[in-house]
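Here is the structure we will look at, set down as structure tokens.
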Amino acid sequence: MTKVDVLLGLQWGDEGKGKIVDVLTPGYDVIARFQGGPNAGHTLEFNGIKHVLHIIPSGIFHTDKINVIGNGVIIEPRIFLQEVQALAEKGVDATKNLYVSKKAHLILPTHRLLDAANEQAKGNAKIGSTLKGIGPTYTDKIARCGLRVGDTLEFDFRERYEMLKAQHLRTAQTLMFDVNSFRIDGMTLEQYEEQWLASLETLKRFQLINSEYFINRCLREGKRILAEGAQAAMLDIDFGSYPFVTSSNTVTAGVCSGLGIAPSSVGRVMGIAKAYCTRVGAGPFPPELFDETGSRLCQLGHEFGATTGRPRRCGWIDIPALRYACMLDGVTDLIITKPDVMNDFEQVRMCTAYKIGDTLTDEIPFEYNAVEIKPQYVDFAGWQQDLSGTADYAALPEKLRTYLAAIERETGINIMAVSISPDRKDVIFK
Ligand code: GDP
Ligand code: IMO
Ligand code: MG
């Protein structure tokens with residue numbers, strides 16, 4: 001019996017999960033997404049090609065591996081179709097090695113409409129959702145009225161679809177939302193719906209399976225499985241900075257419910273963090289930088305959302321948040337990305353504690369959104385050296401290794417690898 005290894009984000013998303021999953025894929029037989037949906041944007045780069053995946057697991061470019069979209073994921077069929085087509089243009093036929101759970105829920109066009117309606121109704125308290133319909137779809141799942149991938153095979157699917165759509169439109173009305181002027185990707189709801197319904201036919205051509213049986217059978221057969229997280233611990237529905245979170249369990253616990261495995265089947269937990277920190281959308285972010293250093297991180301790190309194109313908020317690494325994530329996730333190995341972005345920095349800072357009023361703490365307070373938090377910093381000399389071409393850990397600049405050693409000390413977890421460019425080839429294993 002093998003176990004499922006896990007790779008997930010420890011900050012506010014966009015840590016480089018897609019890239020690292022792609023790099024680790026040769027060591028696995030199956031790559032499985034367990035939560036989230038097209039709010040994710042996972043970037044892979046190799047041979048001069050850049051590719052962004054939203055719903056499809058990041059192992060898809062390795063054609064001899066099986067990729068699974070688990071029951072915990074939510075699927076938007078038209079976005080899924082676009083991903084399948086973009087892969088086909090790059091010579092990858094996803095129908096061959098991608099299996100989809102029949103229990104994964106569907107994002108309807110009107111879920112996307114409700115996402116916009118909810119955000120509009122929030123006024124100044126907007127979450128900054130990616131507007132892909134994530135919140136409303138998970139809401140319907142929990143309310144037991146959602147539609148699942150397997151339902152598309154049933155004779156009464158269209159009838160159930162129409163009922164749910166009508167319910168959504170009534171809700172939009174109560175939110176005073178102007179349905180007629182609403183556009184998705186430049187289309188009216190009706191135009192989009194037509195394409196959405198047509199996209200279901202593509203989805204149905206995939207192997208639709210009871211993925212929990214598939215995954216557990218693979219474990220019994222000694223196959224190696226990697227679970228790929230989306231979003232990150234600080235966006236978790238239970239433990240993130242609620243309500244500025246996504247609507248799924250992004251932490252390791254989500255792997256069990258999102259793939260149908262027992263907790264005892266979880267193996268290594270690889271947590272990934274940037275050498276600094278970013279956040280897209282609203283919500284607390286104590287070490288955020290509003291100065292020139294923040295803009296430099298944004299520009300040098302190309303910190304623009306892979307899904308929405310929005311600029312990401314940038315700041316120094318947040319150790320209280322990182323420790324919290326490591327605790328919740330049971331991280332066994334750390335992976336640090338993007339230190340190369342700070343190559344020219346004279347000084348690099350690390351937020352090691354929060355000061356709230358007169359009290360110093362390294363815990364994430366319940367009142368995370370409401371209290372004023374003064375980040376407490378420890379400073380490090382910048383390494384001021386180009387990292388390109390570095391092949392082993394020992395060859396990294398000493399000042400960078402000092403910084404990395406401090407991350408290990410503060411979290412109590414060993415770094416297993418450091419990524420120094422967007423490209424697949426630039427990962428240094430320790
Ligand atoms: P994900 O959502 O966690 O998969 O991350 P994203 O793809 O949204 O964002 C990570 C961004 O950083 C992408 O543009 C990657 O190509 C890029 N990236 C990943 N690792 C590195 C790295 O080590 N250095 C640099 N400079 N860029 C990286
Ligand atoms: P990956 O997998 C970064 C953020 C949104 C918003 C909040 C809720 O690429 O790391 P939602 O659309 O889920 O209702 O948005 O969560 N968010 C992400 N931020 N990376 C992501 O995914 C994200 N997915 C959602 O910006 O603040
Ligand atoms: Mg991303």
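Read-outs: derived from the displayed coordinates by stated rules, not from any lab. Just so we're clear, the structure is a prediction, and the values are computed from it rather than from any experiment. Here the Cβ positions follow ideal geometry from the backbone for every residue, glycine too, while neighbour counts run over all protein chains shown.
Net length available on complete extension from Arg170 to Leu360 is 63.5 nm, with 0.36 nm assigned per residue and the Cα-Cα distance removed.
At full extension, Ser181 and Glu89 could sit 29.8 nm farther apart than now, given 0.36 nm per residue minus the alpha carbon distance. For the listed residue pairs Lys50/Lys103; Lys122/Lys274; Lys65/Lys90, the alpha carbons are over 23 angstrom apart in Lys50/Lys103; Lys122/Lys274.
Relative to the longest principal axis of the chain, what angle (0 to 90°, nearest 10) does the C-alpha long axis of helix 157-174 take? Tilt of helix 157-174: around 60 degrees. In the chain, the longest principal axis of the Cα atoms and the axis of helix 211-220 are about 50 degrees apart. Take the Cβ-Cβ distance between Gln120 and Thr188 as r, set R0 to 30 Å, and report the resulting FRET efficiency rounded to the nearest 0.05. Step by step, r from the Cβ atoms, then E = 0.95. Computed 3J(HN,Hα) for the range 276-293, one whole-Hz value per residue from the Karplus formula 6.51 cos²θ - 1.76 cosθ + 1.60 where θ = phi - 60°, is 10, 8, 9, 8, 10, x, 7, x, x, 7, x, x, 4, 10, 9, 9, 5, 4, glycine and proline marked x. A straight line joining the Cα centroids of the range 323-394 and the range 134-185 runs 41 Å. Using alpha carbons only, how many degrees (0 to 90, rounded to 10) separate the axis of helix 319-329 from the longest principal axis of the chain? The answer is roughly 50 degrees. In the elastic network of the chain, a GNM with C-alpha springs shorter than 10 Å, the most mobile of Gly70, Gly330, Gly258 is Gly330. The Rg/Rh ratio of the range 325-430, with both radii computed over alpha carbons and Rh defined as the Kirkwood radius, is 1.02. Across the alpha-carbon set of the range 76-162, the Rg to Rh ratio works out to 1.04, Rh being the Kirkwood radius. Of all the options Arg148, Arg296, Arg158, the one that moves most in a Gaussian network model of the chain with Cα springs shorter than 10 angstrom is Arg158. Amide H contacts under 5 Å for Val269: Val6, Thr332, Asp333, restricted to partners 5 or more places along the chain or on a different chain, H placed in the peptide plane at 1.01 Å from N. Counting neighbouring beta carbons within 10 Å and listing from fewest to most, the residues Cys277, Cys256 come out as Cys256, Cys277. Taking 19 Å as the straight-line reach from the Cα of Lys102, the lysines in range (excluding those fewer than 8 positions away in the same chain) are Lys141, Lys204. When both bridge partners sit in the chain, DSSP labels roughly 40% of those beta bridges antiparallel. Note on the range 105-203: Kirkwood radius taken over Cα pairs, Stokes-Einstein applied at 25 °C and 0.890 mPa s, translational D equal to 176 µm² s⁻¹. Dipole size of the range 201-301 about its Cα centre, with +1 on Lys/Arg Cβ and -1 on Asp/Glu Cβ: approximately 540 debye, rounded to the nearest 20. Modelled spin-label separation between Ile142 and Met1, with each label point placed 7 Å from Cα along the Cα-to-Cβ direction: 3.1 nm. Distance distribution note for the chain: the fraction of Cα pairs above 27 angstrom is 51%. In plain terms, the chain from Ala405 to Phe155 could stretch by 84.1 nm, reckoned as 0.36 nm per residue minus the Cα-Cα distance.
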